[in-house]
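The values are calculated or read from the model by the stated rules, or taken from the named source; none is laboratory data. Being a predicted model, the structure only gives us computed values, none of them experimental. Here the Cβ positions follow ideal geometry from the backbone for every residue, glycine too, while neighbour counts run over all protein chains shown.
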Amino acid sequence: MATEITAADIKQVGVIGAGQMGNGITHVSALAGYEVILNDISQEQLDKAVSTIEKNMARQVSRGTIGESESADALGRITATTDMAALGTADLVIESAVENEQIKLEIYTALCPLLKPEALIASNTSSISITRLAAATDRPEKFVGMHFMNPVPMMELVEVIRGIATGQDTYACVTEVARNLGKSPASAEDFPAFIVNRILLPMINEAVYTLYEGVGNVEAIDTAMRLGAHHPMGPLQLADFIGLDTCLAVMQVLYDGLADSKYRPCPLMVKYVDAGWVGRKSGRGFYDYSTEPPTPTR
């Protein structure tokens, strides 16, 4: 029987996936004093992630939020590698791969035999069932959801999601680790899209319906919600920031998982994704980012 692990036992954190979320999780983990092994199949992606972390920490130093030695020490705690076997010494592995269930399951199949028996696994999934992901591992009781918000270094929240098999010790340990990272944990049950996306994505989807039905144009809708509801950015601008492909994927999870027509993805969102207009990362979504300031596309 594997020994139970507490937050005090977590010294080394593994992060799988060196994309936007993975590099952010690595950044905050290293700053919090953890040794971090960042793993990705692409060396190019790893190099890009480390360079992004260096830039973001330099920005924090210039703002005076962290000291220069603090940044240097944190960067020294990061090891980037394409070799998954390096995660064998990790106490906690946070999987932050692409939001695709099949890919995540393949990662766990390769990962589990490498881990020590007491190691915990957390998934940064934003919508996939923790119970289902955990069932594919050799340690469902040591598996938990740890959903960080984007951009990770700036956003204060982590949703901690308990699958049906997640042990109380695992849940308590990961909740404490989230606090150690300087985040505020919110406990969420394992239902489609958890808390934030369950509320946020239908609002974005409704904003797209409002555009689709001609109630307002892009500028009017975003201005209305910024000034009328005091949102820091309008819902269509936010959709572009998140990525319309991601928004659509979460809406599809909600629609499939809850079978309620109120979660039906707006056909206009589907059309934009089909066109490859997925927002800021593609240069075009509800706004065209080739101009400064970006121009509404409707």
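The lone criterion from (1) closer than 30 Å to residue 158 by Cβ; (2) surrounded by fewer than 22 Cβ atoms within 10 Å (Cβ to Cβ); (3) touching a residue at least 40 places away in the same chain (Cβ under 8 Å) left unmet by residue 297 is number (1).
The set of residues in segment 112-127 being aliphatic (A, V, I, L, M) and either crowded, with 23+ Cβ neighbours inside 10 Å or assigned to a loop (DSSP other than H, G, I, E, B) (or both) consists of 115, 119, 120, 121, 122. For residues that are more than 19 Å from residue 223 (Cα to Cα) and either within 22 Å of the chain's Cα centre (by Cα) or among the polar types (S, T, N, Q) (or both), scanning just segment 271-283, find the one that is surrounded by the most Cβ atoms within 10 Å (Cβ to Cβ). By that ranking, first place goes to 278. Filtering segment 265-298 to residues that are part of a loop (DSSP other than H, G, I, E, B) and of a type outside the set (A, V, I, L, M, F, W, C) leaves 265, 276, 283, 285, 289, 290, 291, 292, 293, 294, 297, 298. When the residues of segment 150-164 are filtered to those that are out of contact with any His (no Cβ under 6 Å at 6 or more places or on another chain) and crowded, with 18+ Cβ neighbours inside 10 Å, the one that is farthest from residue 188 (Cα to Cα) is 152.
When residue 186 is tested against (1) in contact (Cβ under 8 Å) with a residue 12 or more places away in the chain; (2) part of a helix (DSSP H, G or I), only condition (2) is not met. The condition of being crowded, with 16+ Cβ neighbours inside 10 Å, closer than 28 Å to residue 113 by Cβ and at pLDDT 95 or above holds for only one of 188, 136, that being 136.
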